[in-house]
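The values are calculated or read from the model by the stated rules, or taken from the named source; none is laboratory data. In this text the structure is predicted, and so the values were computed from the model without any measurement. FYI the Cβ positions are ideal-geometry reconstructions off the backbone, even for glycines, and counts take in every protein chain you see.
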Amino acid sequence: MDPLSGVEPQLGQRKSGLEALEEKALEIIRERGDEGIYQHELWKALGLDSREGSRLALRLLKKGLIVREPAVHNGRRTYKLFLAKQEKRQVKLEVRIGGAIEIPCFTCRHMEKCYVGGFFDPTTCPILRRWLDAKTTAVKKALGRG
């Protein structure tokens, strides 16, 4: 989170909190394209046992990065893994100057003395923080992430 704005810099994008193993698994699944990959083939490619491979697949599924479809391979029930289709939603952002009036800084009696590193500092202002948190929550709800 950006300390000045209070807004996450990559709203709408995947977080970079994926483990290296998850990234490698996604790379392998991506290489298979529309064909997909059987879950046990992914485990073998990553050098995992079935238990760890299952947990990995469930983590990726929970994060919405893959889709698992039941399948039968050599007479055994298994899953085929595919990359999840990432739905791209266009967000219309409308800016009106009237909205700037509600920013608490414009009505603050310390505005002229407020600067980063000063006694009155926008990076530590509780009033500005509450306003930014409320705006961030509203944007997340509008995007369906709240």
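This table checks each residue for (1) exposed (fewer than 12 other Cβ atoms within 10 Å of the Cβ); (2) more than 15 Å from Glu19 (Cβ to Cβ); (3) β-branched (Val, Ile, Thr).
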site	(1), (2), (3)
Ala45	no, yes, no
Leu56	no, no, no
Arg68	no, yes, no
Arg76	yes, yes, no
Leu81	no, yes, no
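Condition check ((1) surrounded by 10 or more Cβ atoms within 10 Å (Cβ to Cβ); (2) in contact with a Cys (Cβ under 7 Å, 6 or more places away or on another chain)) across all residues:
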residue	(1), (2)
Lys85	no, no
Gln90	no, no
Met111	yes, yes
Arg129	yes, no
Ala138	yes, no
| message | Condition first: out of contact with any strand residue (DSSP E or B) (no Cβ under 8 Å at 6 or more places or on another chain) and either touching a residue at least 24 places away in the same chain (Cβ under 8 Å) or among the hydroxyl-bearing types (Ser, Thr, Tyr) (or both). Now tell me which residues in segment 64-94 satisfy that. | response | Arg89, Val91
| What residue, of Ile101, Ile127, Ile97, is aliphatic (A, V, I, L, M) and at pLDDT 85 or above? | Ile127
| Test for Gly117: is it small (Gly, Ala, Ser), over 30 Å from Ala20 (Cβ atoms) and in a loop (DSSP other than H, G, I, E, B) | yes
| said: I'd like to check something: does segment 77-99 contain any residue that is within 14 Å of Tyr38 (Cβ to Cβ) and not in a strand (DSSP E or B)? | reply: no
| Could you list, in sequence order, the residues of segment 42-65 that are of a type in the set (A, V, I, L, M, F, W, C) and part of a loop (DSSP other than H, G, I, E, B)? | Leu48, Leu65
| message | Which pairs turn up if I take residues in segment 95-113 that are hydroxyl-bearing (Ser, Thr, Tyr) and look for partners that are modelled with pLDDT under 75 and loosely packed, with under 10 Cβ neighbours inside 10 Å with beta carbon separation below 8 Å, at least 6 apart in sequence or on another chain? | response | none
